[in-house]
Structure formats: structure tokens, C-alpha cells
């Protein structure tokens, strides 16, 4: 594996770790929302936690799309029929669903 490939793999692993951390944080926040609703928590707590969940999911979504753009567009596999490769149009649609 070349130095460039190693650096790219390390960057991808690091990005994946950060995305997973965001998603796990969102899961914890969603659990807090569910607990607050089940226990009759006050509206402010529920809305604050729900806002945090929404923000965490948005950030994770943008990070996932950003990674996809880097991996799928800047380093094409050379195989146009590769099912893991996304078209610009597919990435654009995903991005627009988050905005």
C-alpha cells in the first residue's frame, strides 16, 4: 500500500470514527427524549433534547455525504458499474434532503 493510500485509509477510518461518535451521541440524546416523555418530563427538557438529536443527526448526515463525495468522486474505482460508487446526481439528492 502506498503512502497516499495509507493516508487516505487513515483519514477515512478517522472520519468513520467521528461519524459513529456523532450517531452514538444522537442515540443517547434520543434515549433521553424517550425517557423524558415516558416519565412526564417538562416540555423544555423534551424540546431541548429533541433539538440536540436533530442537530447531531444533521451533522452526521453532512459528514457522511462529505465522505461519500471524497471517496466516490475524487477517487473513482475505475468501474462504472461499481454499486458502491455514487453519481453526482445521487449525492446532490442526498445533500438536498439534509438541507
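Once you place label points 7 Å from the Cα toward the Cβ at residue 58 and residue 44, how far apart are they in nm?
2.3 nm
Please list 44-52, 86-94, 56-64 highest first by mean number of surrounding beta-carbon atoms within 10 Å per residue.
My ranking of the peptides, most packed first, is 56-64, 44-52, 86-94.
Throughout, read-outs are computed from the coordinates displayed, never taken from laboratory work. All figures in this text were calculated on a predicted structure; none of them were measured in a lab. Please note: Cβ atoms are built from the backbone with ideal geometry, for glycine as well, and neighbour counts cover all protein chains shown.
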